[in-house]
Amino acid sequence: MIRLRPIGESDFQTVLDIFVEAFSPSPVPPIEYIANLCHTEPEGCLLAERDGVPVGYAAAHRSGSIGYIGTVAVRNAHRGHGYGKLLTEAVRDYLQTRCRVVGLAVDPKSSRNLNLYQSCGFVPTLPGCQAYKKRNADDPKSAVPSSVTTARQLGGKIEAAFAAIGEWSSEVFPGLDLSRDLQLFATRYPDRLWIDWDGDQPRGFLAYEDRFRGDPWGAIRPGPGDDDSLRALIDALEGSVDEEVLFFHHHTAFHRLSGILAGRGYRVASHNTCMVVAESAERWPTRSDALFLRPWWT
């Protein structure tokens, strides 16, 4: 008998064991990452059991209006029996009732997984990659540029700033209310949301919770100076957080960002293809020069 149930605290090590078996030699997420996902989305992180024996799991993650299926993993001995499809559809349905866009990332070389997700209603969009950099405790920190402020520092100007970002980002995020997402994020993490300014107008933002909740995410207003804005925001991030390893997940079509990250010592960890549920595809960004980061563990 097959049963799907929420992942409990006593299941965390089992989930990591399934991840290692399914994705080795990919980097293993820390157990705190699994714990945070399950605490944040208790009904969207599911374990599949056959006759009481765990055979696979899937985990949901949300960032404002955008939902992600962060991981679908099935033990090798139980593949080909429909467990991956069952888990994917269950988490997809959970996210569709809560988000305007539902997406995931898949290895473009895995025809098995591509076929699985297409059978669950997902369609491919832009290719992406995850870059990372390891930092030593004695490495000098970047200075936070004078053009960058945190959400906390905005004070009474915060609503106007988010409204302005919402206007230009609507070209990149069709159908999404990014200003609302930023307001929600700023309420919880006012010191982890950086905004770069061109005079009195915001020209980009970068948001980051911590390594257990996903990669940095943000967007840049296309136009003159957008490379400078990218560098300023990355400086602000690197100068403000203490994480030993930083990840950036971005569209490979955005060659300028790839070059900026490479120049800062970031290395490509993996390549993938972003896929979204077909009904929400028109809301997903197609401007790879403007959208540059997405938050999920790959």
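The values are calculated or read from the model by the stated rules, or taken from the named source; none is laboratory data. None of the values given here were measured: they were computed from a predicted structure. In this analysis, Cβ positions are derived from the backbone assuming ideal geometry, glycine residues included, and neighbour counts consider all displayed protein chains.
Which count do you get for residues in the stretch 1-11 that are assigned to a helix (DSSP H, G or I) and surrounded by fewer than 17 Cβ atoms within 10 Å (Cβ to Cβ)?
2
Of the conditions (1) farther than 30 Å from Q183 by Cα; (2) surrounded by fewer than 12 Cβ atoms within 10 Å (Cβ to Cβ), P108 clears all except one; give me its number.
(2)
Yes or no: Y83 more than 30 Å from S170 (Cα to Cα), hydroxyl-bearing (S, T, Y) and touching a Cys at 6+ places or on another chain (Cβ under 9 Å)?
Taking the combined requirement at face value, the residue does not satisfy it.
Has the stretch 15-27 got at least one residue that is assigned by TED's automatic domain parsing to the domain that holds D93, surrounded by fewer than 17 Cβ atoms within 10 Å (Cβ to Cβ) and over 28 Å from C129 (Cα atoms)?
No, the stretch 15-27 contains no residue that is assigned by TED's automatic domain parsing to the domain that holds D93, surrounded by fewer than 17 Cβ atoms within 10 Å (Cβ to Cβ) and over 28 Å from C129 (Cα atoms).
Could you say whether any residue in the stretch 135-148 is in the same structural domain as D210 (by TED's automatic domain parsing) and crowded, with 21+ Cβ neighbours inside 10 Å?
Yes, because at least one residue in the stretch 135-148 is in the same structural domain as D210 (by TED's automatic domain parsing) and crowded, with 21+ Cβ neighbours inside 10 Å.
Okay, residues lined up against (1) outside any strand (DSSP E or B); (2) under 23 Å from the mean Cα position of the chain (by Cα); (3) modelled with pLDDT under 90:
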{"position": "G128", "(1), (2), (3)": "no, yes, yes"}
{"position": "D138", "(1), (2), (3)": "yes, no, yes"}
{"position": "Q153", "(1), (2), (3)": "yes, no, no"}
{"position": "E167", "(1), (2), (3)": "yes, yes, yes"}
{"position": "W194", "(1), (2), (3)": "no, yes, no"}
{"position": "L206", "(1), (2), (3)": "no, yes, no"}
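With D210, D242 as the choices, which residue is exposed (fewer than 15 other Cβ atoms within 10 Å of the Cβ) and either in contact with a Ser or Thr (Cβ under 7 Å, 6 or more places away or on another chain) or free of Cβ contacts under 8 Å to residues at least 24 places away in the same chain (or both)?
Exactly one residue qualifies, and that residue is D242.
Quick check on D210: is it closer than 30 Å to E41 by Cβ, more than 19 Å from the chain's Cα centre (by Cα) and outside any strand (DSSP E or B)?
It is false that D210 is closer than 30 Å to E41 by Cβ, more than 19 Å from the chain's Cα centre (by Cα) and outside any strand (DSSP E or B).
What about P190, is it touching a strand residue (DSSP E or B) at 6+ places or on another chain (Cβ under 8 Å), farther than 26 Å from D227 by Cβ, modelled with pLDDT of 90 or more and surrounded by fewer than 21 Cβ atoms within 10 Å (Cβ to Cβ)?
yes
When only residues in the stretch 30-50 that are of a type outside the set (D, E, K, R) and in a strand (DSSP E or B) count, which is surrounded by the fewest Cβ atoms within 10 Å (Cβ to Cβ)?
Among those that are of a type outside the set (D, E, K, R) and in a strand (DSSP E or B), it is L47.
Please verify whether G67 is touching a helix residue (DSSP H, G or I) at 6+ places or on another chain (Cβ under 6 Å), at pLDDT below 95, not charged (D, E, K, R) and not in a helix (DSSP H, G or I), treating the condition exactly as stated. Quick ask: steps written out before the conclusion?
Values: touching a helix residue (DSSP H, G or I) at 6+ places or on another chain (Cβ under 6 Å): yes; at pLDDT below 95: yes; not charged (D, E, K, R): yes; not in a helix (DSSP H, G or I): yes.
Yes.
Restricting the stretch 261-274 to residues that are at pLDDT below 80 and among the hydrophobic types (A, V, I, L, M, F, W, C), which is surrounded by the most Cβ atoms within 10 Å (Cβ to Cβ)?
C274
Mind checking which residues of the stretch 223-260 are closer than 25 Å to R152 by Cα and modelled with pLDDT under 80?
Of everything in the stretch 223-260, just one residue is closer than 25 Å to R152 by Cα and modelled with pLDDT under 80, namely G225.
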